[in-house]
Amino acid sequence: MNRSRRKFLKAVAAVTAMSSQLKDLQTASHAEQARKKSIGKIKTIETFTQGPVSIVRVRTDSGAEGCGQIAPFNADISALVLHRQIAPHVLGKDPADIDSIVDRCIEANYKFPWSYVCRALAGVDTALWDLRGKAENKSVCELLGGKPRPIAVYGSSMSRDIKPADEADRLARLKDTRGFRAFKIRIGKVCGHDQDQWPGRTEALVPAVRKAIGDDVSLLVDANSCYTPAKAIEVGKMLEDYSVRHFEEPCPYWELEWTAQVAAALNVPVAGGEQDNDLAQWRRMIRMHAVDIVQPDICYVGGLTRAMRVAAMAADAKLPCVPHSANVSMVSVFTLHTLGAIPNAGPFMEFSIEPTDWTTQLYEPALNVQDGKVAIPDGPGWGVTVNPKWLAKAERGVSEHR
Ligand SMILES: [Mg+2]
C-alpha cells in the first residue's frame, strides 16, 4: 500500500470515528431532551400538614411526581411561607434544575433570611430529589454516587428529665436488644448559662452511662448551647476522662469564637452546626475550625442540595459530616441516603430513641434498628411511600402554575 493510500484510509477511519462520536452525542442530547420533555415543568406544589410535620408533593405537567418534607415543628407556618414565598419561584420551572431553583428561592427572599424560608425550601428541594430519583429509577443515594446499604446509627437520647441511673439502664437495654454501638446523652441545660438541669446531674450521668454501656460502645454528649468557654473546657476535660468521642454544641451556637476556643483547648472532638442555615456562616465556621464534626440538618439548612454543599465544604477541610437528624420523620430518611453517599460520612448517624406518635405511620417502610444499623430504603427516590391515610387526614394546601 502506498503512502497516500494509507493516509487516505487513516483519514476515513478518523472521520468515521468522529461521526460515531457525534452520533453518540446527538443520541445523548436527544435522550436528555426526551427526558426533560417526559418530566415536564413543575405544575403543582401541595403541602399536607398534620401536627408538627408537613409533607410536600411536587407534580409536573406530564404527571411526574416526588415527595419531600418541610422541617418539623411549626410546619403550618413553614407551609404558609412555602406557598407565599417559595412556590412563585418554583412553579413552571424544569425540575431537573434543582440547584438554580434553590438559589433563586434564597435570593428572592433576601429580606427574609434563613429560618422559615429554609424550612419551607427543604420541602420543595427534597420533593424534587425524590422526583428526579423516580424519573431515573435510582435511589437518591445512587444519584449522589452512593449505594443503599445498612448504616450504623447512634441511639440519641432527647431527654434531660431522666435520672442518670434510669438513662444508664435504658441505654444498656437498647445495646443488648438492638445492638447499638454508640449512644448520645444530654448534658447541662438548654441555653443554660453554665447551669445543669439539676445540680450534679451531668457529673453523675456521664460515669453512670459509661459504666452501663461498657468501654467498647461510643459515648457522645450534647450540651445544647449550655456553657461559656471556661465551663465548657472544664466539662470537656471530665468528658475526656470517660472517653467521650463527640462534644456537641458546647457553647451558644452563634458564638463561633467561643466554640472555636473550646475545640482548640480539648482533645474530645467538638460537633455542631445543626441550627446553621446560612452557607456563608458555614464557610466561616469551617474556615476558623469552630467545630471538628460538621452537623447540618438537611431540613433546617434548606434541603439536600444545600446540605451537600456544607458536606463538600467539610470534605475540603478534611472534617467528617454527620447531619443532624433528631427525629424519625423523613429527615432521617434523607440523612440515611446522604450518609450512604458522601465520602466524609462520620461513623454513626443520629437516630432518635424517643418514641413519637407524630412520626409513626407517616411513611413506609418504617426505619428499624437491627444490629445497631438502619438500612437505606433502596427504592427509587427516597425509597419510601407516604402513608395515604396520613395524607387524607392532613390539611392540604396547593399552589398551581397557570
Ligand atoms: Mg444537638
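Over the chain, what is the relative contact order in percent, taking alpha-carbon pairs closer than 8 angstrom and at least six residues apart? Could the numbers behind the result be given before it?
On the way: 841 pairs, mean separation 79.2, N = 402.
Rounded, it is 20 percent for the chain.
Quick one: order Y242, Y300, Y110 by neighbouring beta-carbon count within 10 Å, fewest to most.
Values: Y242 15, Y300 24, Y110 8.
Result, fewest neighbours first: Y110, Y242, Y300.
Taking Cα pairs under 8 Å and at least six residues apart, what relative contact order does segment 88-193 come out at, in percent?
On the way: 61 pairs, mean separation 20.9, N = 106.
Once divided by the residue count of segment 88-193, the mean separation gives 20 percent.
As an exercise, use a Förster radius of 45 Å and the Cβ-Cβ distance of W198 and S62 to find the FRET efficiency, rounded to the nearest 0.05. Can you show the working numbers first?
Working: r = 59 Å, r/R0 = 1.31.
E between W198 and S62, to the nearest 0.05, is 0.15.
What trypsin sites (Lys or Arg not before Pro) does segment 78-127 have in DSSP loop regions with at most 14 other beta carbons within 10 Å?
Numbers: sites: R84, K93, R104, K111, R119; in loops: K93, K111.
Of the trypsin sites (Lys or Arg not before Pro), the ones in loops of segment 78-127 whose Cβ has at most 14 other Cβ atoms within 10 Å are K111.
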| remark: Rounded to the nearest Å, the spacing of the alpha-carbon centers of segment 297-334 and segment 156-179 is 26
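State the extension gain, in nm to one decimal, for the chain segment bounded by A108 and M158, taking 0.36 nm per residue of separation less the distance between their alpha-carbons. The partial results should precede the final answer.
Values: separation 50, 0.36 × 50 = 18.00 nm, distance 3.58 nm.
Length gained, A108 through M158: 14.4 nm.
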| said: At 0.36 nm per residue, and after removing the present C-alpha to C-alpha distance, how many nm does the segment from E234 to H289 gain when stretched out fully? | reply: 17.8 nm
| query | All other residues with a Cβ under 15 Å from the Cβ of V217 taken together, and with Lys, Arg as +1 and Asp, Glu as -1, what is their net charge? | reply | +4
| Are any of the pairs K147/K211; K318/K373; K43/K389; K138/K373; K93/K134 more than 29 Å apart by Cα-Cα distance, and if so, which? | K147/K211
| query | Roughly how many nanometres apart are two label points built 7 Å out from the Cα toward the Cβ at K318 and S115? | reply | 3.8
| task | Would you pull out the residues with amide H under 5 Å of H246's amide H, same chain only if 5 or more places away, H placed 1.01 Å from N? | result | V221
| query | When the label point is put 7 Å from the Cα of K147 along its Cα-to-beta-carbon vector, which residues of segment 360-376 have a backbone N closer than 18 Å? | reply | 374-376
| query | Who wins for biggest fluctuation among K134, K389, K43 in a Gaussian network model of the chain, springs between alpha carbons below 10 Å? | reply | K389
| request: Multiply the residue separation of N267 and N368 by 0.36 nm, subtract the distance between their alpha-carbon atoms, and state the gained length in nm to one decimal. | output: 33.0 nm
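Sorting R287, R245 on the 10 Å Cβ count, fewest up front, what's the list?
Values: R287 10, R245 18.
With the fewest neighbours first, R287, R245 line up as R287, R245.
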| said: Angle check, please: helix 229-241 long axis (alpha carbons) against the longest principal axis of the chain (alpha carbons), in degrees 0 to 90, nearest 10. | reply: 90
| task | Specify the residue with the greatest mean-square fluctuation among A208, A392, A108, computed from a Gaussian network of the chain linking alpha-carbon atoms under 10 Å apart. | result | A392
| request: With a point put 7 Å past each Cα toward its Cβ, work out how far R173 is from E255 in nm, to one decimal. | output: 3.7
| A280-K41 pseudo-label distance in nm [points 7 Å out on the Cα-to-Cβ vector] | 3.2
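No lab work stands behind these numbers, since they all come straight from the coordinates. These figures come from a predicted structure and were not determined experimentally. Cβ sites come from the backbone with ideal geometry, for glycine too, and all protein chains shown count toward neighbours.
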